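See structure below.
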Amino acid sequence: MLKSVRYGGDYNPEQWPEEVWREDVGLMREAGVNLVSLGVFNWGIIEPAPGEYDFGGLDRVMDLLHEAGIGVGLGTPTSSPPAWLRKAHPEIRLVDREGRALAGGTRHGVCPSSAAYNEACAAVVEQLAVRYGAHPAVELWHVHNEYGWAGVECYCPASSAAFGRWLEAKYTDIDHLNEAWGTAFWGLVYRSFDQIEAPAAAPPGVNPALQLDWKRFSNEAHLANFRLQREIIARHSAAPVTTNFMIPNCEGMDYWRWAREVDLVANNHYLIAERPENHIELSMSADLARAVAAGPWMVMEHSTSAVNWQSRNLAKAPGEMRRNSLAHLARGADGLMFFQWRASRVGAEKFHSAMVPHGGTDTAVWREVVRLGGDLERLAPVTGSGVDAEVAILWDWESWWALELEWRPSIDLGYRERIEAYYESLWRQHVTVDFAHPEADLSGYRLVVAPASYLLTSEAAKNLRGYVDDGGSLLVSYFSGIVDEHDTVHPGAHPGALRETLGLWVEEFHPLPEGGRVALDLPAGPARGRIWSERIRLDGAEAVGSFTDGPDAGHPAVARHRLGAGTAWYTATALDDATGLRELLGGVLDHAGVPRPAGVPEGLELVRRAEHCFLINHTDQDITVPGIRGANALDDTVYDGDIPVAAGEVVIVRIIEETPPPGSGAARGPGVHGR
Ligand code: GAL
């Protein structure tokens, strides 16, 4: 879909006099920019009063960009409604859980179910689509901006009423809803759909099934606004339509569902600057974006250096932006865009980095921007190629929602906590992973890991069982397979959905006190667990490790079940990379036949994208990577076995031969399919 790697950023020319536009276009060409996101927040400018439009500035800038050969991702400005709309229709304001209607003076904070808001969106999008639908500069439509940014859930009366209608369409009969939601508990029975309230601030213990459907509805409410806009655009333009996701940092949006609605997945990712080794979280974001996309995807926003919205906005170190960008590229991105092109002088984001910083072009940031642009031109052959992965981690937003509702066995049970522990350990072992929905086809993976599948539908459980039966290796972490899609416990002993697959059952949970630790013995030696312990009763599985202290001392802590042609593994406590997880995973990877490169140090990120191998050195030491014959994709240097990667640098090699294969790649994974 994209011709070469797309490179550029958010362009907000309305903040600048027109002579700066000409300078901008010249600099864009110097930097190799070929796409900009335009008009993302300009509603108040192009529609100064209801139904009155002024496209003069936008016309001129579109033509200027087009003459310079720069494509446009044309924004629809609906995430920043004009002041006149807020004044005329105060009911469009998003109402938070505490019942506060969010004020204007900023962007976002609008109710996706508001009729007045949706009508105003439709009107301005129609104007844009008619005017620019056939404009030769338009390569892409960038609908709205970060749906859900100011809060996914709106608790206003219009949302509450829409929720009732949505439930009626889903359950048709109120008794079906009562059954599904288990309303016999506390006698919380409904006699009609209009008796149901949105779960705003309430005494504790709001029906979890209601809360889950509320989250599904809220996700759908935003999707409905997206579809409304997409359909208007499609009537006037053949260009692909997208909106920017916030993977993995938006809990409220089920991006498996969103990915089916966009022509191309676009993701925004910002590092938390003070988080140690934050490049691992970046890799996870990219792998998950690739997974939901199951096809082309791009980074719509990341930053050249500091952001402005964290407590301490640390600048990126020299070379860090390059490593970040090329890590996204390695993991499948076909576009690398930044927020934003030119640093603002005005407004809330004036301390945010940009491609053109306040200091202008005699700056390290600008030099890195120009260097990256040049490299991306040479990397055009990478565009559209796939990433090999033989391991999948299960990811399901619904399980995230359910696991973190109130009144679980421990507040230390965190969805991302476990996913990231497994992801990080695999990353350190240079294993590239896909993410997969639990109901997706898993047959192409040698190993599937389920670190936090608390909510697991019967369908998903069947899928996992079939995967193991057919020869797959499955590794499940504690507190998985516990409830169905309504947060109803699967029948019988825990983990009801996986009991037979795992060949064991759990007699009692023993969550640990704050900071508590348990010791266990694994085949590779002693290990330490956090958060969780539980009494496992084997029923077909064999113990491969046992607790040596704590509430379950002497009982199994890790179990293995041979089933059909495959094997299912289970861990009953939170192991981390340094406390036993690496060894455990190492054994499971060996058993599953997942190759890892030999002689590659931990801080060297090694990712295979089709015939290209990306070597990203996150350390301050020069590293030599053995076992690859190939040519440097940027300068054609030929390597006959050993590849030097200087401290902090990135080397991209077109592979001629590998011995042994670096990274995975023996068999191509099937990619990941959403529902
Ligand atoms: C994103 C947003 C951009 C910009 C950026 C700053 O969330 O989409 O418009 O505000 O953050 O980091």
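Brief remarks on what is shown
- Long-range amide H partners of Thr548 with built H, under 5 Å: Ala519, Leu520, Asp521, Gly554
- Distance histogram for region 177-279 (every C-alpha pair counted, 5 angstrom bins, percent rounded to whole numbers): 2, 9, 15, 15, 12, 12, 13, 10, 7, 4, 1
- Couplings for region 539-553, taken from phi via the Karplus curve 6.51 cos²θ - 1.76 cosθ + 1.60 with θ = phi - 60°, read 8, x, 7, 10, 6, 10, x, 9, 5, 10, 8, x, x, 10, 3 Hz in order; Gly and Pro are left as x.
- Taking the Cα centre of region 425-478 as origin and assigning +1 to Lys and Arg Cβ atoms and -1 to Asp and Glu Cβ atoms, the resulting dipole is close to 240 debye.
- Our note on the geometry: Cα centres of region 21-40 and region 288-315, 20 Å apart.
- 17 Å reach of a label modelled at His176, 7 Å along Cα-to-Cβ, counting backbone N of region 486-516: 486
- Cα-Cα pairs of region 216-322 separated by more than 23 Å (percent): 36
- Gain in span if fully extended, Ser192 to Glu274, counting 0.36 nm per residue against the direct Cα distance: 24.5 nm
- The chain: translational diffusion in µm²/s, Stokes-Einstein, Kirkwood Rh over Cα pairs, 37 °C, 0.692 mPa s: 124
- His135-Arg378 FRET efficiency (beta carbon distance; Förster radius 30 Å; 0.05 resolution): 0.55
- Interchain or long-range residues, amide H under 5 Å from Gly71's placed H: Leu35, Val36
- In loop segments of region 130-186 as defined by DSSP, there are no GluC sites (Glu not before Pro) with at most 15 further C-beta atoms inside 10 Å of their C-beta.
- Antiparallel bridge percentage (DSSP; both residues within the chain; nearest 5): 55
- 3J(HN,Hα) from dihedral phi, region 90-99, Karplus parametrisation 6.51/-1.76/1.60, rounded to Hz, x for glycine, proline: x, 6, 6, 6, 6, 9, 7, 4, 7, x
- Unit Cα scatterers, Debye sum, region 475-572: log10 I(q)/I(0) for q = 0.10, 0.19, 0.24 Å⁻¹: -0.25, -0.88, -1.26
- Once the Cβ-Cβ distance of Thr106 and Asp640 is raised to the sixth power relative to R0 = 60 Å, the FRET efficiency obtained is 0.55.
- Relative to the compact-globule estimate of 2.2 N^0.38 Å, the Cα radius of gyration of region 396-506 comes out at 1.03.
- Rounded FRET efficiency, nearest 0.05, which uses the C-beta distance separating Thr619 from Arg371 and R0 of 22 Å: 0.60
- Adding -39500 (n - 2.57) for every DSSP H run of four residues or longer, then dividing by how many residues the chain holds, sets the calculated 222 nm ellipticity at -9500 deg cm²/dmol.
- Cα-only Debye scattering, region 369-449: base-10 log of I(q)/I(0) at q = 0.20, 0.24 Å⁻¹: -0.96, -1.10
- Region 483-503 versus region 183-199: alpha-carbon centroid distance in Å: 26
- Stokes-Einstein D for region 604-658, Kirkwood Rh over Cα pairs, 4 °C, 1.567 mPa s (µm²/s): 120
- Given their separation in residues at 0.36 nm each and the Cα-Cα distance between them, Tyr53 and Ala169 gain 38.0 nm when the chain is fully extended.
- Where labels lie 7 Å past Cα in the beta-carbon direction, separation of Ser458 and Asp590 in nm: 4.1
- Projected onto their three principal axes, the Cα atoms of region 391-592 cover extents of 39, 37, 31 Å, largest first.
- Once C-alpha pairs closer than 8 Å and six or more residues apart are averaged by separation and normalised to the residue number of region 152-266, the relative contact order reads 25 percent.
- Farthest positive-ward along the chain dipole, Cα basis, beta-carbon charges - from Met246, Ile655, Tyr190: Met246
- Nonlocal amide H pairs with Ala266, under 5 Å, H built at 1.01 Å: Thr243, Phe245, Met298
- ³J(HN,Hα), Karplus 6.51/-1.76/1.60, whole Hz, each residue of region 375-388, x for Gly, Pro: 5, 5, 4, 6, 8, 3, x, 6, 3, x, 7, x, 10, 8
Laboratory data are not the source of any read-out in this text; all were calculated from the coordinates shown. As the structure is a computational prediction, the values presented were derived from the model and not from experiment. As a convention, Cβ positions derive from the backbone with ideal geometry for all residues, glycine included, and neighbour counts pool all protein chains shown.
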